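Data block below; observations after.
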Amino acid sequence: MIEHKIGQLKQFILDKTYKKRYSLDNLDLTLGLEKDLGFDGDDAAEFIFDYGEKFSVDTNNFNSELYFTPEDYFYYWAYKLLPCLNPKKKELTIGDLVAGIKAGRLDDEVIAASRENKEI
């Protein structure tokens with residue numbers, strides 16, 4: 001059952017990302033949503049909202065500021081050109097999204113447990 005959900009998630013990501021170098025075959029669970037797939041700012045917020053809706057995942061306690069560069073034009077380019085200024089501390093991965101589907105919610109507790117290979 002979870003393998004089917006992972007396949008659906010991968011297709012969902014491919015449909016939403018503008019980076020077309022990925023396919024179902026090379027979209028692995030370690031890829032970062034911002035670093036590898038290009039999600040940031042309002043696009044990232046919309047992606048997380050749509051992900052929650054599609055996969056019945058509660059994203060109300062997900063703090064996107066910890067994972068994604070903001071949309072504001074000045075800050076966006078400052079963070080991209082000078083990464084040391086970027087307060088973003090964490091990279092959200094496809095694996096974290098899978099953990100959210102399993103738990104029915106996406107928040108820091110679920111993500112931390114996912115990274116420690118623990119079940120919620």
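The values are calculated or read from the model by the stated rules, or taken from the named source; none is laboratory data. As the structure is a prediction and not an experimental result, all values here were calculated from the model. Backbone-built Cβ (ideal geometry, glycine too); neighbour counts: all protein chains shown.
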Quiz prompt | Hits in the stretch 14-33 - residues which are aliphatic (A, V, I, L, M), over 19 Å from ASP107 (Cα atoms) and surrounded by 12 or more Cβ atoms within 10 Å (Cβ to Cβ) | solution = LEU14, LEU27
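Residue-by-condition table, conditions (1) in contact with a His (Cβ under 6 Å, 6 or more places away or on another chain); (2) more than 16 Å from PHE47 (Cβ to Cβ); (3) modelled with pLDDT of 85 or more:
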position: ASN60; (1), (2), (3): no, no, yes
position: PHE68; (1), (2), (3): no, no, yes
position: CYS84; (1), (2), (3): no, yes, no
position: ALA99; (1), (2), (3): no, yes, yes
position: ALA103; (1), (2), (3): no, yes, yes
position: LEU106; (1), (2), (3): no, no, yes
position: VAL110; (1), (2), (3): no, yes, yes
position: ARG115; (1), (2), (3): no, yes, yes
position: LYS118; (1), (2), (3): no, yes, no
Quiz prompt | Conditions (1) at pLDDT 75 or above; (2) over 12 Å from GLU34 (Cβ atoms); number of the one not met by ALA78 | solution = (1)
Practice problem: Scan the stretch 34-58 for residues that are buried (at least 18 other Cβ atoms within 10 Å of the Cβ), at pLDDT 95 or above and part of a loop (DSSP other than H, G, I, E, B) and jot them down. | Solution: VAL57
